[in-house]
Amino acid sequence: MLERLNKALDHLEECLDQDIDMAEVARIATVSEYHFRRLFSALSGMPLPLYVRRRRMTLAGAEVLAGERTLLDVATRYGYGSGEAFARAFRSVHGIGPGEARATGAVLTSQPRMSFRVVVEGSTTMRYRIVEKESFRFAGRKARVPLVYEGANTAASAHVASLDAQAIGRMKQLAEGEPDGVLSATVYLTDSREEGAEVDYWVGVTTGPETTAEELDCLEVPSGTWAVFDNRGPYPSALQELWRDVFTQWFPSNPYTPRPGPELLRTRPVEIGAETDSQLWIPVERVSPGGGP
């Protein structure tokens, strides 16, 4: 898969000065466009459109400083229909407008061309299993929080602290099936996994597809395949490292790709710095050796 992803990025690079057919880019990677966008975001830490804009503005910046083309010619070459739109995109990346950059010879920002590789460390082991799970409901309470990749997520912690004993007790009554007990669930609102991107963060339990709980929020989860990872280490650093390794090492090395759905997490105990047993459930689908799912 890693080789196919890099071939897709090579093709994207060749199309920076024209309209990019993301469906074709994804076809080269032999995954759906949705999966390509989400996998790119997970591996790179930025949304695909942001990477494309930064790469275009990196190349455009070099042409602006060279002074061989008019600013409108540069704008048109990189897909902008007006000088104003080009100037806004240019400023968002470089912090300065193209006209000012050309006049002053300003220092600009460069987005390096990206490629993916797997780094294998002898100290890293990943225990996982593949589970086929029928449809279920996730019953609990949700809050919108930012993604945090290092250290405590204060917004998520505040949400957990806001839950009263009655709500937790009701969740435990409804718990049914695997993974058991009170869990957290992360639902991504876009294909971005950039730090700071907003997600819906749930605290609740898995329960039957017909279960009703009017006093709780409910999330319908269809049947499908899950990759389940077991981990032990200091909370939350070991868990954050596991999440990183799943997307930067496990997915590129295994015939699976992420599919839409909540990512479920069971941690016990949840105390900063304590040795914690964690179980992470990621919704996946198998990718055939010759192509897509």
FRET efficiency for Leu50 and Asp277, Cβ-Cβ distance as r, R0 = 35 Å, nearest 0.05? 0.45
Expressed to one decimal in nm², the mean projection of the alpha carbon convex hull of the chain is 17.8 nm²
Obtain the nm distance between the two label points defined at Val107 and Ala23 by a simple spin-label model: each point lies 7 Å from its Cα along the Cα-to-C-beta direction. 4.5 nm
Treating only the Cβ of Lys, Arg, Asp and Glu as charged (+1, +1, -1, -1), what charge dipole size does the chain show about its Cα centre? Round to the nearest 20 debye. 460 debye
Thr211-Ser162 pseudo-label distance in nm [points 7 Å out on the Cα-to-Cβ vector]: 2.3 nm
Residue ranges of DSSP H helices in the chain that stretch 24 Å or more (Cα, own long axis) and have mean Kyte-Doolittle hydropathy of at least 0.0 are 48-66
Before anything else, pin down the relative contact order of the chain: Cα pairs under 8 Å, at least 6 apart, normalised by residue count, whole percent. 21 percent
Find how much the distance from Gln173 to Thr190 grows on full extension, using 0.36 nm per residue of separation minus their present alpha carbon separation; answer in nm with one decimal. 2.9 nm
Keeping the other protein chains in place, figure out the carbon and sulfur percent of the accessible area of the chain, with a 1.4 Å probe. 49 percent
Largest first and to the nearest Å, give the Cα extent of segment 180-231 along each principal axis. 34, 27, 20
Please enumerate, by chain and number, the lysines with C-alpha under 24 Å from the C-alpha of Lys172, excluding those fewer than 8 residues away in the same chain. Lys133, Lys142
Taking 0.36 nm per residue of separation and subtracting the Cα-Cα distance, what length does fully extending Tyr149 through Arg88 add? 19.0 nm
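The values are calculated or read from the model by the stated rules, or taken from the named source; none is laboratory data. None of the values given here were measured: they were computed from a predicted structure. No Cβ is skipped: glycine too gets one built from the backbone with ideal geometry, and neighbour counts run over all protein chains shown. When the accessible area is computed, the model is the full protein with side chains, heavy atoms only, and any ligands, DNA or RNA have been set aside. Shrake-Rupley method; radii C 1.70, N 1.55, O 1.52, S 1.80 Å.
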